[in-house]
Structure formats: C-alpha cells, structure tokens
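Everything below concerns the one structure shown next.
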Amino acid sequence: MICPCCETDLAFDSPAYMALDVAVREQEAFVSYLPCCAWLAEQVSSEGYASVMGRTIEQVVTDLTGYEVLEVTDIDGVMVCRLEIYSPTVVTGQPDEHGRRKGKSPKGTQSWMFAKVDEHHRHHPAPTGWKYGVAIYNGPVMVGVAIVGRPVARALQAAQPNTLEVTRVCTFGVSQLRQNASSKLYSACAVQARAMGYRRLVTYTLHEVESGASLVASGWTATFTTPNGRKRSWNCKTRPREDKAPTGPKVRWEKGLNKTERKRVAAQVQG
C-alpha cells in the first residue's frame, strides 16, 4: 500500500508496515500507531483503521507477530492474544503401587516459576517444593503461573496418596492480558495431575476474602470451611513455627480427576 498523500510505502517489509509497530515488554505487548503523515492520521481518525487500510488492526498485528491476536484495545493499545498454557513437565517411568508416575521438568523451570511467585503472589512466598508447575502466556507475554505439590497437611498426604495440592496460583501484568488466566491455570493443573496418575486435587482460598470464582469456572467444588471462623496456624507446642502467611479461616476446594473421585468430592460438600 502506498500513502496517496506522502507516497510512503506501507509494504510488509517496511518498518512502517500498515502504519503499525509492536513493542514487546516484560509484561505487555504494546501496539503503536505510526502514521506517516497528518493526512493518514486524520483519515484513520475519522473513518477507522480498517476502512482506510482494508484490514483490521488485529489482522495486521497477527501478520506482524505470528500470534493469534484477538483484540487491540485502542489505536495505540495493548495486544490481546489467545491465552496459551505452557506445561513443561513430561511424565516418566512406570506407575508405582498407587498408579502414580513421576514428572520431569526442564532444568531451571522450578527456579524461574518460584521467582514469579515470590515477585507477584499477594500473600505467600514460593513453597518449599513441588511436583510440577504450569505457566500461561498471552501471546509473547507471560501472565501467570501455578505450582502443584504434595498436600501441605501431612494427615491428608497419608490418607489420600493419590491427591496433590495446588499450592500457589498468581497472575500478573496488564489486566486485559490475564482475563480468565487463573481458571485456565487451575484446569491445566488438573490435566497434568491426571496424566501423572493422580485422582484428586485440593487447594485453599481465604474465607470471605477470595471469592473462588476462578475455581468454580474450572470445575472445582468448595468442600469445607474452617468452622466458627476459627483461625488455623501451623504453629503448635510440639513443633513451634512462625506463620508467614494469613492464618484466618480458609475454604478447601477439591476437584476429582475421574468419575469416582468426582462423586466423592460432591458427597463431601457441607450442607
């Protein structure tokens, strides 16, 4: 395309391709409108980008980046792409006596995922261990991570050896880029747990502080709330510990990973 006013070439190999440029930063991908002259700026402002250029901004930015662009929030705005899960853990080995299999993640994966939790989680640092983690991207921009490990409660570990706990979920960055990211992370955790032979997932939210909407959207069930508002702490006489996270009442959420476990989870719901 040649600008009829200043005759600038807006071809694909031009830096001013269709008068747009994309800048990828740490937590956002930003689309800038770069009109070659005042005439083009005025035409786009009055008639709209697609009318003047013959293509939508989303179509052009998809060509520029190779990502499926769903929306550009403004003529100079954030590039919103389809959310994509990154689940790097590969299932290895033979099943143990409980039908569980091990997972192997690329070297360094745990470190950078834990660093994201330390940087962005609202009230928890990274846990001490994990079984695996998943991340979520909006185009080229990472917008969240989730960490899965053995149940923190030792009694639950002993009673339900086929259960894992989602110990951390956090999303970060520009709000438009992370819509529905939490629910997709919870769903991805379930997919990986099922592949490793586990039958149930649990996680916790702060009672009357966190709504659990993302959990409901991804098929989890609230099964238990700390009774009478009693606070829970890991500190006790036999094993003194310093509480580094909120100790208020919590809601336990569960997700069965097969038909039998889904029925068991449903049966636990408080009346």
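FYI, it's all coordinate maths here, none of it is from the lab. What you see is a predicted model; the values in this text were computed from it and never measured. Using ideal geometry, Cβ is built from the backbone for each residue, glycine included, and neighbour counts are taken over all protein chains shown.
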Compute the length gained on full extension between Asp76 and Cys37: take 0.36 nm times their separation in residues and subtract their Cα-Cα distance, giving the result in nm to one decimal.
12.4 nm
Relative contact order of the chain, please, whole-number percent, based on alpha carbon pairs below 8 angstrom and at least 6 residues apart.
13
Explain nothing, just the number: dipole magnitude of the chain about its Cα centre with +1 on each Lys and Arg Cβ and -1 on each Asp and Glu Cβ, in debye rounded to the nearest 20.
3080
Rounded if a/c is under 1.5, else prolate if a/b is larger than b/c, else oblate: which is the range 17-81, with a ≥ b ≥ c the root eigenvalues of its Cα gyration tensor?
prolate
What does the charge dipole of the range 17-81 about its Cα centre add up to, to the nearest 20 debye, if the Cβ of each Lys and Arg holds +1 and the Cβ of each Asp and Glu holds -1?
140
Listing His120, His98 by rising number of other beta-carbon atoms within 10 angstrom, fewest first, gives His98, His120
What is the gain in length, in nm to one decimal, between Arg154 and Gln176 on full extension, counting 0.36 nm per residue of separation less the C-alpha to C-alpha distance?
4.0 nm
State the label only: which of (i) 23.9, 81; (ii) 22.2, 73; (iii) 26.2, 106 corresponds to Rg and Dmax of the Cα atoms in Å computed from the shown model?
(i)
Given a cut-off of 28 Å, name the pairs among Lys116/Lys184; Lys107/Lys250; Lys104/Lys255; Lys131/Lys250; Lys116/Lys259; Lys107/Lys259 whose C-alpha atoms lie farther apart than that in the structure shown.
Lys107/Lys250; Lys116/Lys259; Lys107/Lys259
Length gain on complete extension for the stretch His207 to Gln110, per 0.36 nm per residue less the alpha carbon to alpha carbon distance?
32.0 nm
Estimated distance in nm for a label pair at Gln59 and Ser45, the labels positioned 7 Å out from Cα along Cα-to-Cβ
2.5
Suppose a student asked you for the relative contact order of the range 1-75, using Cα pairs under 8 Å spaced at least 6 residues apart; what percent would you report?
22
What distance in nm lies between label points placed 7 Å from Cα along the C-beta direction at Asn258 and His120?
3.4
Tell me, what is the FRET efficiency for Gln268 and Asp96 to the nearest 0.05, using R0 = 30 angstrom and their Cβ-Cβ distance as r?
0.70
